[in-house]
Amino acid sequence: MDLGLTQEELAEQVGVTRQTIGLIEKEKYNPTISLALSLSEALGKSLDDLFWMETSKHEKR
């Protein structure tokens, strides 16, 4: 699902700066659960879809 939102538009919808959205995308900032839920709602995706990191098949647990 491509909503065609810019980082700035998404940031405005969820009440953060464009820089914060950029850092989240680069995995350099972990959002609060409140922000994560706001992003989930704004993008129409589950938290798993947005933030779940796949582990490599070769990676030991």
What list of ³J(HN,Hα) couplings, whole Hz, do you get for the stretch 11-21 from phi and the Karplus terms 6.51, -1.76, 1.60, once you set θ to phi - 60° and write x for glycine and proline?
4, 4, 4, 9, x, 10, 8, 4, 4, 4, 4
Tilt of helix 33-43 relative to the longest C-alpha principal axis of the chain, in degrees (0 to 90, nearest 10)?
70 degrees
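Hey, any idea what % of the chain's accessible area is carbon plus sulfur with a 1.4 Å probe? Let's see the in-between values first.
Numbers: 2550 of 5230 Å².
Roughly 49 percent of what the probe reaches on the chain is carbon or sulfur.
What number, in percent, do you get for the relative contact order of the chain if the mean sequence gap of Cα pairs under 8 Å and at least 6 apart is divided by its residue count?
Working: 29 pairs, mean separation 14.3, N = 61.
Relative contact order here is 24 percent.
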Provide the solvent-accessible area of residue 32, counting protein heavy atoms only and rolling a 1.4 Å probe, rounded to the nearest 10 Å².
80 Å²
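Before I look further, what does the chain give for accessible area per residue, probe 1.4 Å, in whole square angstrom?
Values: 5230 Å² over 61 residues.
Here the residues of the chain average 86 Å² of exposed surface.
At 10 °C and a viscosity of 1.306 mPa s, what translational diffusion coefficient does Stokes-Einstein give for the chain, taking Rh as the Kirkwood radius over Cα pairs? Give it in µm²/s as a whole number.
On the way: Rh = 12.5 Å.
Rounded, D is 127 µm²/s.
The values are calculated or read from the model by the stated rules, or taken from the named source; none is laboratory data. Nothing here was measured: the structure is a model prediction, and the numbers come from that model. Note: areas computed on protein heavy atoms with side chains; ligands, DNA, RNA excluded. Shrake-Rupley method; radii C 1.70, N 1.55, O 1.52, S 1.80 Å.
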